[in-house]
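*Asks:* Below is the structure I would like to discuss, written out as structure tokens.
The values are calculated or read from the model by the stated rules, or taken from the named source; none is laboratory data. Because the structure is predicted, anything quoted here is derived from the model rather than measured. Reconstructed Cβ throughout: ideal geometry from the backbone, glycine too, with neighbour counts over all protein chains shown. Surface areas here come from the heavy atoms of the whole protein model, side chains and all, with no ligands, DNA or RNA. Shrake-Rupley method; radii C 1.70, N 1.55, O 1.52, S 1.80 Å.
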Amino acid sequence: MRLTSLHLREIRMPLKEPFRISSGAQTLRRMLLVAATDEEGRVGWGECTAGEEPNYSSETIDTAWLAIREWVAPRLLGREIAAADEVWPLLEHNFRGHSMAKAAVEVAFWDLEAQRRGLSLAALLGEGRGEIRQEIEVGISLGIQASPRALAEKAAACLARGYRKIKIKIGPGEDLEYVAAVREALGPAAPLMADANNAYGREDFDHLAALDAFDLLMIEQPLACDDLLRHAELQKRLRTPICLDESITNLDRAEDMVALDAGRIVNIKVGRVGGIASALAIHDFCRSRGVPVWCGGMLESGIGRAVNVALASLPGFTIPGDISPSERYWQRDVVNPEWTMDERGRIRIPQAPGLGVVVDLDRIEDLTTRAEVLLAR
Ligand code: OSB
Ligand code: MG
């Protein structure tokens, strides 16, 4: 594969409802899409998962745009690349950080390779990994609501709709009452978890221990993203497993988590870990150590969602991911068909080569607020 051009586009799509987490709220998604054209004219797509503000990680859509133009594209444009797994090492060499920028472009190479070989992305990712699923079970991630009661009603409706896991966002002052109300509304056996997005510190350990009473599947990222040691201390105090999201930026951090017992479950996000090759490495390591993983979400459009759906088909993904259907987020998605979920909370894995959905170029054109074409020299 040899890239002749990289087309960057910013599109803006309003979320159907605002999404609030402990570190900030989003109502409009500004998304960076990458279309990579190879020497045979195929087009591979990637979506950058960085947000508008640096509240999830240090990256934003604007830093990613800069990083892709200045440092990612020059390393890849015009270069002969035999397979998509060669991209990640090229992007890591003397190039720190900017994982979401790197991933947006790396993903496009996996799409291109899948198309070139006539494989679905799921089949390509599954090579050498045993049986892949035909359909995946999905969960929903619910933002913080105005009251515990409002959240409980929403959560109950989601369970009735078929979702296989309910995740609620929590933060200081918006935690125990919310969890209690949702647990009460869903009943004792419902698969429920909470995500704190770094909101707590060591002074909160007693408070967090009170969450053990609610039989959560896990507590996601209670403490700071760069703080594995305190997560290990907290895990000793909790019966509930800790799941790490922001902390797991690469394979080394997943190994550290296991070595330190800083968490027992990993949320894998392709953007956060720098691409598909890195996500696969984390998946394989966790699987070899019996650590369950699941696929997180970043409020992606149908393009990023295609990658998440394919990843979640791998055998180590034993817990439903944050992969809701298109209608949960958008009036209308940017792919055809849109992502749909059946009444038992399942999404079918597409069989067609590449992403398995068709990118709606007219719609993307309509939504585009900024574009730049980078060419091989
Ligand atoms: O922490 O998992 C998170 C969205 C934006 C930033 C961080 C997170 C999330 C989600 C969204 O939980 C899940 C989804 O895409 O539906
Ligand atoms: Mg999270």
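*Asks:* So, in the range 302-326, exactly how many residues are more than 12 Å from the chain's Cα centre (by Cα), within 12 Å of ligand 1 (Cβ to nearest atom) and either hydrophobic (A, V, I, L, M, F, W, C) or open to solvent by 10 Å² or more (accessible area, probe 1.4 Å) (or both)?
*Replies:* 1
*Asks:* Within the range 89-110, how many residues turn out to be small (Gly, Ala, Ser) and open to solvent by less than 10 Å² (accessible area, probe 1.4 Å)?
*Replies:* 4
*Asks:* Check whether at least one residue in the range 349-370 is within 27 Å of Ile242 (Cβ to Cβ) and at pLDDT 95 or above, and report yes or no.
*Replies:* no
*Asks:* Of (1) within 14 Å of ligand 1 (Cβ to nearest atom); (2) farther than 22 Å from Ile323 by Cα; (3) surrounded by 21 or more Cβ atoms within 10 Å (Cβ to Cβ), Cys225 satisfies all except one. Which?
*Replies:* (3)
*Asks:* Checking the conditions here, which among Ala181, Ala224, Ala156, Ala210 is within 16 Å of ligand 2 (Cβ to nearest atom) and farther than 22 Å from Ile136 by Cβ?
*Replies:* On inspection, the qualifying residue turns out to be Ala224.
*Asks:* Search the range 242-264 for residues being away from ligand 2 (no atom under 15 Å from the Cβ) and assigned to a loop (DSSP other than H, G, I, E, B), and hand back the single one that is nearest to the chain's Cα centre (by Cα).
*Replies:* Here the answer is Asn250.
*Asks:* Restricting to the range 265-286, and then to whatever is surrounded by 23 or more Cβ atoms within 10 Å (Cβ to Cβ), part of a helix (DSSP H, G or I) and not small (Gly, Ala, Ser), can you tell me which residue is farthest from ligand 1 (Cβ to nearest atom)?
*Replies:* Leu280
*Asks:* With within 26 Å of Ser23 (Cα to Cα) and more than 21 Å from the chain's Cα centre (by Cα) as the only criterion, which of Ala199, Ala189, Ala157 stands out?
*Replies:* When all the criteria are applied, what remains is Ala157.
*Asks:* Tell me which residues, restricted to the range 352-377, are assigned to a helix (DSSP H, G or I) and surrounded by 13 or more Cβ atoms within 10 Å (Cβ to Cβ).
*Replies:* Result: Arg363, Ile364, Leu367.
*Asks:* Which of the residues spanning the range 287-301 are part of a loop (DSSP other than H, G, I, E, B) and more than 13 Å from ligand 1 (Cβ to nearest atom)?
*Replies:* Of everything in the range 287-301, those that are part of a loop (DSSP other than H, G, I, E, B) and more than 13 Å from ligand 1 (Cβ to nearest atom) turn out to be Arg289, Gly290, Val291, Pro292.
*Asks:* State whether one or more residues within the range 77-88 are part of a helix (DSSP H, G or I), open to solvent by less than 70 Å² (accessible area, probe 1.4 Å) and of a type outside the set (Ser, Thr, Tyr).
*Replies:* Within the range 77-88 (the criterion being part of a helix (DSSP H, G or I), open to solvent by less than 70 Å² (accessible area, probe 1.4 Å) and of a type outside the set (Ser, Thr, Tyr)), the answer is yes, since at least one residue qualifies.
*Asks:* Of everything in the range 160-176 that's under 20 Å from Cys295 (Cβ atoms) and out of contact with any strand residue (DSSP E or B) (no Cβ under 6 Å at 6 or more places or on another chain), which residue is most open to solvent (accessible area, probe 1.4 Å)?
*Replies:* Per the criteria, the residue is Arg161.
*Asks:* Given the options Arg12, Arg30, Arg69, name the one that is modelled with pLDDT of 95 or more, in contact with a helix residue (DSSP H, G or I) (Cβ under 8 Å, 6 or more places away or on another chain) and open to solvent by 60 Å² or more (accessible area, probe 1.4 Å).
*Replies:* Going through Arg12, Arg30, Arg69 in turn, the sole match is Arg12.
*Asks:* For the subset of the range 141-153 comprising residues that are open to solvent by less than 20 Å² (accessible area, probe 1.4 Å) and not in a helix (DSSP H, G or I), which member is nearest to ligand 2 (Cβ to nearest atom)?
*Replies:* Ser141
*Asks:* Sticking with this structure for a sec: For the range 95-104, does any single residue satisfy the condition of being assigned to a strand (DSSP E or B), touching a residue at least 24 places away in the same chain (Cβ under 8 Å) and either within 16 Å of ligand 1 (Cβ to nearest atom) or under 19 Å from the mean Cα position of the chain (by Cα) (or both)?
*Replies:* Scanning the range 95-104 turns up no residue that is assigned to a strand (DSSP E or B), touching a residue at least 24 places away in the same chain (Cβ under 8 Å) and either within 16 Å of ligand 1 (Cβ to nearest atom) or under 19 Å from the mean Cα position of the chain (by Cα) (or both).
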